[in-house]
1. Checking Asn110 against (1) farther than 20 Å from Asn34 by Cβ; (2) touching a residue at least 12 places away in the same chain (Cβ under 8 Å), which test does it fail?
2. Can you find a residue that is at pLDDT below 80 and either open to solvent by 70 Å² or more (accessible area, probe 1.4 Å) or over 16 Å from Gln61 (Cα atoms) (or both) anywhere in region 139-159?
3. Looking at (1) open to solvent by less than 70 Å² (accessible area, probe 1.4 Å); (2) in contact (Cβ under 8 Å) with a residue 40 or more places away in the chain; (3) not aliphatic (A, V, I, L, M), which is the one condition that is false for Gly134?
4. I'm trying to understand the selection: among the residues of region 57-99, which are aliphatic (A, V, I, L, M), touching a residue at least 60 places away in the same chain (Cβ under 8 Å) and more than 19 Å from Asp33 (Cα to Cα)?
5. Answer yes if at least one residue in region 92-103 is assigned to a strand (DSSP E or B) and open to solvent by 80 Å² or more (accessible area, probe 1.4 Å), and no otherwise.
6. Quick one: in region 23-50, of everything that is assigned to a loop (DSSP other than H, G, I, E, B) and open to solvent by 100 Å² or more (accessible area, probe 1.4 Å), which residue is modelled with the highest pLDDT?
7. Can you tell which of Asn54, Asn66 is modelled with pLDDT under 80, open to solvent by 80 Å² or more (accessible area, probe 1.4 Å) and under 20 Å from Ser160 (Cα atoms)?
8. How many residues does region 108-131 contain that are surrounded by fewer than 19 Cβ atoms within 10 Å (Cβ to Cβ) and either within 17 Å of the chain's Cα centre (by Cα) or hydroxyl-bearing (Ser, Thr, Tyr) (or both)?
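The values are calculated or read from the model by the stated rules, or taken from the named source; none is laboratory data. Quick caveat, the model's predicted, so the values are computed rather than measured. Please note: Cβ atoms are built from the backbone with ideal geometry, for glycine as well, and neighbour counts cover all protein chains shown. For accessibility, only protein heavy atoms count, side chains too; no ligands or nucleic acids. Shrake-Rupley method; radii C 1.70, N 1.55, O 1.52, S 1.80 Å.
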Amino acid sequence: MIQSIKKSIVVLFLVAAFTSCNQGPTLQTYYVDNELKPGFASFDVPTSFVNVENIDMTEEQKEAYNSVDKLNVLTFMKEDTEAEDYKLELEKVKTILKDPKYEELMRGGNSTDGKFVIKFLGDVDNIDELVIFGNANNKGFMIARILGDDMNAGKLMSLSSVLQNAKFEDTNLDGLTDFFK
């Protein structure tokens, strides 16, 4: 009898372990699986890469800047691939971002030029990961993951003016800046 109870407990534990694991695709696995494939380009950018030394920032902007650890960017250029491949990859990303764990912060764009959506993991005052997904119909799509600790959505939005004044000229982000041209 004790033997059968032990077996039942082990089976129950194994069932719980297998069902608790997320078997669905994640942005992290999508990055790893595709970063070296043709048509894709990836960039990992630490915050120190953005030169903000000569920019006056408010206390809120400094706090937001310091809460960000790094930026991961993955682009998929439409001109480098077949139209079917582009549609397939675009659908994969959209499916991943439909997961309810990603809460939507903002969306915009239009069906002619392209669309973007900003989603996050965590809560608005304590964001673990901010995801910016945009697709330009004539170029391709881009996924940017902003990773950090205790990021705040409102404070992060205040960084837009800082980024406009930051110096990117001497950086090696040609593929990323080309995407936005």
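1. (2)
2. Yes, region 139-159 contains a residue that is at pLDDT below 80 and either open to solvent by 70 Å² or more (accessible area, probe 1.4 Å) or over 16 Å from Gln61 (Cα atoms) (or both).
3. Failing condition for Gly134: (2).
4. Scanning region 57-99 gives Met57, Ala64, Val68.
5. Among the residues of region 92-103, at least one is assigned to a strand (DSSP E or B) and open to solvent by 80 Å² or more (accessible area, probe 1.4 Å), which makes the answer yes.
6. By that ranking, first place goes to Leu36.
7. Selected residue: Asn54, the only one of Asn54, Asn66 that is modelled with pLDDT under 80, open to solvent by 80 Å² or more (accessible area, probe 1.4 Å) and under 20 Å from Ser160 (Cα atoms).
8. Result for region 108-131: 13.
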